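Below is one structure; the comments refer to it alone.
The values are calculated or read from the model by the stated rules, or taken from the named source; none is laboratory data. This one's a predicted model, so the numbers in the text were calculated from it and none came from an experiment. Glycine gets a Cβ as well: all are built from the backbone with ideal geometry, and neighbour counts include every protein chain shown. Each accessible area value is taken on the protein alone, full model and side chains, heavy atoms only, with ligands, DNA and RNA left out. Shrake-Rupley method; radii C 1.70, N 1.55, O 1.52, S 1.80 Å.
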Amino acid sequence: MTADTTQPHIGQSAATTHEGILAWVDEVAELTQPDRVHWCTGSDEEWTELTDALVASGTFTRLNADKKPNSFHAASDPTDVARVEDRTFICSVDEKDCGPTNNWMDPQEMKAIMTDLYRGCMRGRTMYVVPFVMGHLEADSPMFGVEITDSAYVVASMRVMARMGSNVLRRMEEVGATFVPALHSVGMPLVDGRADVSWPCNDTKYIVQFPEERMIWSFGSGYGGNALLGKKCYALRIASVMARDEGWLAEHMLILKLTSPEGVRKYIAAAFPSACGKTNLAMLAPTIPGWKVETLGDDIAWMRIGDDGRLYAVNPEFGFFGVAPGTNELTNPNAMRTIDIGNSVFTNVALTDDGDVWWEGLENTPAHATSWKGEDWTPDSDELSSHPNSRYCTPIKQCPILAPEYDDPRGVPIDAILFGGRRKTTVPLVTEARDWTHGTFMGATLSSETTAAAVGQVGVVRRDPMAMLPFIGYNAGDYFNHWITVGKDNDAAKLPKIFYVNWFRRDEDGGFLWPGFGENSRVLKWVVERMEGQAEAVETPIGYVPTPGSLDTDGLDMTEEELAQALAVDVEEWKAEIPQITEWFEKFGENLPAVLWTELDGLKARLGA
Ligand code: GTP
Ligand code: SPV
Ligand code: MN
């Protein structure tokens, strides 16, 4: 590491004048006992030193520079591959504020347990101090954080995913900024002659948010959402609490800009659960002529009402942490162009014999590769080459269709919000909400089959409100109320229109009814035309769906019968949802806004249930 930023003796000649950061760094170093403290600058030299060290330690394999320059392959411990929702806690002072959808523990009790775990946990390792900002450094009130971690992999990933380093620290010093302290350890001290491993982690894992203190403690995992603490822990769990208190929204949403052939411009935000298509929609290559999509974000949106009464969204992130399997030239050419440029980290995909990466769904299947588990892999292997939740981590600036507005700290005014999930049955391709409250009901009852993005069973239908189930930092009933309040306190005509989509409905043979990916541009077109008062819709018990002729199907390889199935609202299927929704709402007791019960009553009446 660079000599001028490495602090061999803890607490001496520290690299900042910010008293709060200094005090916290000293306190953590005292507790965790690292061999060294490194203040991260975010410079290119630092990146080179870090990645060289990660190659030397066996965590990274450098990819062939002719294929992907300045890029690396990493394979995790096979047990540390996804978010751990059952180990994730919201430690509010009052259990009621955590709500029925989160795990809770008393903050003092949690701190006692974790302080024991953290004691000496960085021995033999370097403690990195990563000053970062979520969103723009030029924002009216920049959202600062400092992550302390003993993982160089985390530092390298944070450099891609968040604006970080010296310029952020200087600004924090200038303004004496408050910041979210985010402490991370892989939980594997190098003591008693213990040799390091390529992916250190601990069987005991805790991902903990202290909402009142705006503080994050994470232990035992090196994986993305558990360890890159600016992302889900800060930008969603902690930020959702700030947003509740300050009247804005922190959401698990992509942001895109859509331009019609006539030059009509719309900004769309969309909330789909993890591994349900946000990155793909954000980078969509339209199949319909003349339509253009530009990307602003693929995972998180922070939205505030602007002076003109419209809802403005910014993407607080600086990179994409995207699902690799299924990504290819046809499904997501823009993601392929983004990673081609290099400067990326690939985790838990396969490594080809010529030093490139490969995963299921990518073109040019290699005759031989090394699987994410480090084993020989051929197309005949019984096992997958890549973990289903394997990921690429790549700078957003490399996206060939990045919208220039991405750099505007004021964000973009959102015209439409899409909710969506992964449902084999019941939920039609697209439905328009009657109004904001109905849209909030759609979001609050969003359902989706679980995916490999979180540890646990895959394919189980669960309610995932606003695609935020694992990310709401407080009582989800209060969160619904916050959404209702945003609708009440603002001019309905200026708020985004709300729609609900499902790309994942299946036919009797189990195949997808809708081709998805670039063809989703047809649904976006219908959404725009609805807002412009052009497209036809039919009113159904669940909302407005396209009339058979109103969806642009020119050149679409689908029979009328298949399209009808994709758009169908089956009253019997919907009646079967009612007991599930009722049971879901009952969880929240008096915290559930009464208007959502009214919405459910209305739905029941319309279905004749
Ligand atoms: P997170 O990063 O976990 O929040 O996921 P995400 O919502 O960004 O999901 P992503 O776009 O990475 O898609 C996840 C998986 O769904 C990938 O394997 C995609 O290939 C697949 N997928 C995305 N869009 C579609 C679609 O329109 N149709 C079908 N059938 N699959 C899709
Ligand atoms: C998700 O699971 O929603 C992701 C990946 O976007 S992670 O960073 O692990 O949260
Ligand atoms: Mn996500």
Number of the condition not met by ASN364 [criteria: (1) polar (S, T, N, Q); (2) out of contact with any Pro (no Cβ under 8 Å at 6 or more places or on another chain); (3) within 15 Å of ligand 1 (Cβ to nearest atom)]: (3)
Checking SER386 against (1) within 30 Å of ILE268 (Cα to Cα); (2) outside the structural domain of LYS488 (by TED's automatic domain parsing), the condition it does not meet: (1)
Pairs, first within 16 Å of ligand 3 (Cβ to nearest atom) and of a type in the set (Lys, Arg) in region 236-262, second outside any strand (DSSP E or B) and modelled with pLDDT of 95 or more, C-beta under 6 Å, six or more apart: ARG237/PHE471; ARG237/GLY473
Pairs with Cβ under 7 Å, 6+ apart, first in region 577-593 and of a type outside the set (S, T, N, Q), second outside any helix (DSSP H, G or I): GLU577/THR426; ILE578/ALA609; ILE581/THR445; TRP584/THR445; TRP584/ARG463; PHE585/LEU592; LYS587/PRO100; PHE588/PRO100
Top-ranked residue of region 297-307 - restricted to ones that are open to solvent by 10 Å² or more (accessible area, probe 1.4 Å) and assigned to a strand (DSSP E or B), ranked as nearest to ligand 2 (Cβ to nearest atom): TRP302
Residue identified as away from ligand 1 (no atom under 16 Å from the Cβ) and crowded, with 24+ Cβ neighbours inside 10 Å among LEU236, LEU229: LEU229
Given (1) within 16 Å of ligand 3 (Cβ to nearest atom); (2) closer than 25 Å to THR450 by Cα, index of the condition LEU284 fails: (1)
Among the candidates VAL486, VAL501, residue that is of a type in the set (A, V, I, L, M), more than 16 Å from ligand 2 (Cβ to nearest atom) and surrounded by fewer than 22 Cβ atoms within 10 Å (Cβ to Cβ): VAL486
Top-ranked residue in region 301-341 [being under 27 Å from GLY145 (Cα atoms) and among the small types (Gly, Ala, Ser); ranked as nearest to ligand 3 (Cβ to nearest atom)]: GLY322
Any hit, region 261-274, residues being within 14 Å of ARG304 (Cα to Cα) and more than 14 Å from ligand 2 (Cβ to nearest atom): yes
Lone unmet requirement of (1) surrounded by fewer than 21 Cβ atoms within 10 Å (Cβ to Cβ); (2) basic (Lys, Arg); (3) more than 20 Å from ARG83 (Cα to Cα) for ARG463: (3)
Residue that is surrounded by the most Cβ atoms within 10 Å (Cβ to Cβ), among those in region 22-54 that are in contact with a Phe, Trp or Tyr (Cβ under 7 Å, 6 or more places away or on another chain) and closer than 22 Å to ARG170 by Cα: CYS40
Residues satisfying the stated conditions in region 457-477, i.e. in contact with a helix residue (DSSP H, G or I) (Cβ under 9 Å, 6 or more places away or on another chain), within 16 Å of ligand 3 (Cβ to nearest atom) and part of a loop (DSSP other than H, G, I, E, B): MET468, LEU469, PRO470, PHE471, ILE472, GLY473
Any hit, region 174-187, residues being touching a Leu at 6+ places or on another chain (Cβ under 7 Å), in contact (Cβ under 8 Å) with a residue 12 or more places away in the chain and open to solvent by 10 Å² or more (accessible area, probe 1.4 Å): no
Pairs where the first residue, in region 71-94, is more than 26 Å from MET468 (Cβ to Cβ) and not assigned by TED's automatic domain parsing to the domain that holds GLU212 and the second is in a helix (DSSP H, G or I) and open to solvent by 40 Å² or more (accessible area, probe 1.4 Å), C-beta under 8 Å, 6+ apart: PHE72/VAL55
Counted residues, region 551-578 - those being over 24 Å from GLY511 (Cα atoms) and hydroxyl-bearing (Ser, Thr, Tyr): 0
Restricting region 316-365 to residues that are among the hydroxyl-bearing types (Ser, Thr, Tyr) and over 19 Å from ASP376 (Cβ atoms), the residue that is surrounded by the most Cβ atoms within 10 Å (Cβ to Cβ): THR347
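Listed here are the residues, each with its yes/no results for (1) out of contact with any strand residue (DSSP E or B) (no Cβ under 8 Å at 6 or more places or on another chain); (2) of a type in the set (Phe, Trp, Tyr); (3) within 13 Å of ALA444 (Cβ to Cβ); (4) not in a helix (DSSP H, G or I).
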position: VAL538; (1), (2), (3), (4): no, no, no, yes
position: GLU561; (1), (2), (3), (4): yes, no, no, no
position: VAL569; (1), (2), (3), (4): no, no, no, yes
position: GLU572; (1), (2), (3), (4): yes, no, no, no
position: LYS575; (1), (2), (3), (4): yes, no, no, no
position: TRP584; (1), (2), (3), (4): no, yes, yes, no
position: GLU590; (1), (2), (3), (4): yes, no, no, no
position: THR598; (1), (2), (3), (4): yes, no, yes, no
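Going by the structure shown, is GLU294 at negative phi, within 15 Å of ligand 1 (Cβ to nearest atom) and out of contact with any Cys (no Cβ under 8 Å at 6 or more places or on another chain)?
So GLU294 fails the test.
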Residue in region 96-111 that is in a loop (DSSP other than H, G, I, E, B), within 19 Å of TYR234 (Cα to Cα), open to solvent by less than 10 Å² (accessible area, probe 1.4 Å) and in the same structural domain as LEU229 (by TED's automatic domain parsing) present: yes
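Residue-by-condition table, conditions (1) in the same structural domain as ASN332 (by TED's automatic domain parsing); (2) at pLDDT 95 or above; (3) in contact with a Ser or Thr (Cβ under 9 Å, 6 or more places away or on another chain):
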residue	(1), (2), (3)
ARG391	yes, yes, yes
LEU418	no, yes, no
PRO428	no, yes, yes
ARG463	no, yes, yes
MET468	no, yes, yes
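Search region 520-539 for residues being touching a residue at least 24 places away in the same chain (Cβ under 8 Å) and open to solvent by 20 Å² or more (accessible area, probe 1.4 Å), and hand back the single one that is nearest to the chain's Cα centre (by Cα).
LYS525
Could you list, in sequence order, all residues of region 412-436 that are out of contact with any Gly (no Cβ under 6 Å at 6 or more places or on another chain) and open to solvent by 10 Å² or more (accessible area, probe 1.4 Å)?
PRO413, ASP415, ARG422, ARG423, LYS424, THR425, ARG434, ASP435
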Residue count for region 249-287, restricted to those that are farther than 21 Å from THR338 by Cα, open to solvent by less than 10 Å² (accessible area, probe 1.4 Å), of a type in the set (A, V, I, L, M, F, W, C) and outside any strand (DSSP E or B): 1
